[in-house]
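A.B. asks: One structure, pasted below without further comment.
The values are calculated or read from the model by the stated rules, or taken from the named source; none is laboratory data. If you're wondering where the values come from, they're calculated on a predicted model, not measured in any experiment. All Cβ positions, even for glycine, are placed from backbone atoms using ideal geometry, and neighbour counts span all protein chains on display. Areas reflect the complete protein model, heavy atoms only, side chains present, ligands, DNA and RNA absent. Shrake-Rupley method; radii C 1.70, N 1.55, O 1.52, S 1.80 Å.
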Amino acid sequence: YRKLGFSMHEGGAHPGKGTHNAIAMNEQDYVELIAVRDMGEYSASRGAGSWNTGLTDFIKAGADLYQRNGDGLDAYLLAAQQGDAFIVDEVLKTGYPVDARDAAGNSALHLAAAASQVYMINMLSQKGLNVSCTNEAHEAPAHVAAKSGNTEAAAALVKNGADLLQNQ
């Protein structure tokens, strides 16, 4: 979120497996960000009430989801690259285009493939993102995964219908 221009203030650790939080602020708004790495705790937290309300309200209040960081990534693309399914899902609920691209034509699948984010690859495929889409270099996400040595990501893309023999 620092890459998106937010001032970050580290929060504390919470009980659970790898759960932590931070506060992201810009000039007018703030949101508490909570990362949960254990899906059981994630489900329990959601049922408990409002730990994710801040992020949801921030998005619904009209946060500029198209703002790009220095690497040319917006919140959706950065979250896909980092494997943050909750943020990707919340951004897409606003009507944000699932097929958004960075300046080099990379889709969220390209970025997830390069970072070996297998869960994200499956999630984006289920949301209708074309697994064979190409970037400006005429590379499909499976080619990016293979070039990066991410065999699990390449296998996930093939499982979701990617054609490895597609012309680049």
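A.B. asks: Would you check if Val91 is over 17 Å from Asp74 (Cβ atoms) and buried (at least 17 other Cβ atoms within 10 Å of the Cβ)? It would help to see each step written out before you state the result.
C.D. replies: Working: over 17 Å from Asp74 (Cβ atoms): no; buried (at least 17 other Cβ atoms within 10 Å of the Cβ): yes.
Here the answer is no, as Val91 does not meet what is asked.
A.B. asks: OK, next. When only residues in the stretch 47-91 that are closer than 30 Å to Ala104 by Cβ and β-branched (Val, Ile, Thr) count, which is modelled with the highest pLDDT?
C.D. replies: Ranking the candidates gives Val88 first.
A.B. asks: So, in the stretch 110-168, how many residues would count as being of a type in the set (S, T, N, Q) and either surrounded by 21 or more Cβ atoms within 10 Å (Cβ to Cβ) or over 18 Å from Ala85 (Cβ atoms) (or both)? Spell out the reasoning first.
C.D. replies: Of the residues in the stretch 110-168, the ones of a type in the set (S, T, N, Q) are 116-117, 122, 125-126, 130, 132, 134-135, 148, 150-151, 160, 166-168.
With the extra rule that they be either surrounded by 21 or more Cβ atoms within 10 Å (Cβ to Cβ) or over 18 Å from Ala85 (Cβ atoms) (or both), the set shrinks to 117, 130, 132, 134-135, 148, 150-151, 166-168.
Number satisfying all stated conditions: 11.
A.B. asks: How do the pairs read when you match residues in the stretch 71-85 that are under 14 Å from Met123 (Cβ atoms) and open to solvent by 20 Å² or more (accessible area, probe 1.4 Å) with residues anywhere that are in a helix (DSSP H, G or I) and hydroxyl-bearing (Ser, Thr, Tyr), using Cβ under 9 Å and keeping only pairs 6 or more apart or on different chains?
C.D. replies: What qualifies is Gly83/Tyr119; Ala85/Tyr119.
A.B. asks: Another one. I'm told Ala44 meets every condition in (1) touching a Gly at 6+ places or on another chain (Cβ under 9 Å); (2) at pLDDT 60 or above; (3) small (Gly, Ala, Ser); (4) open to solvent by 50 Å² or more (accessible area, probe 1.4 Å) except one. Can you identify the failing condition by its number?
C.D. replies: So Ala44 meets the others, but not (2).
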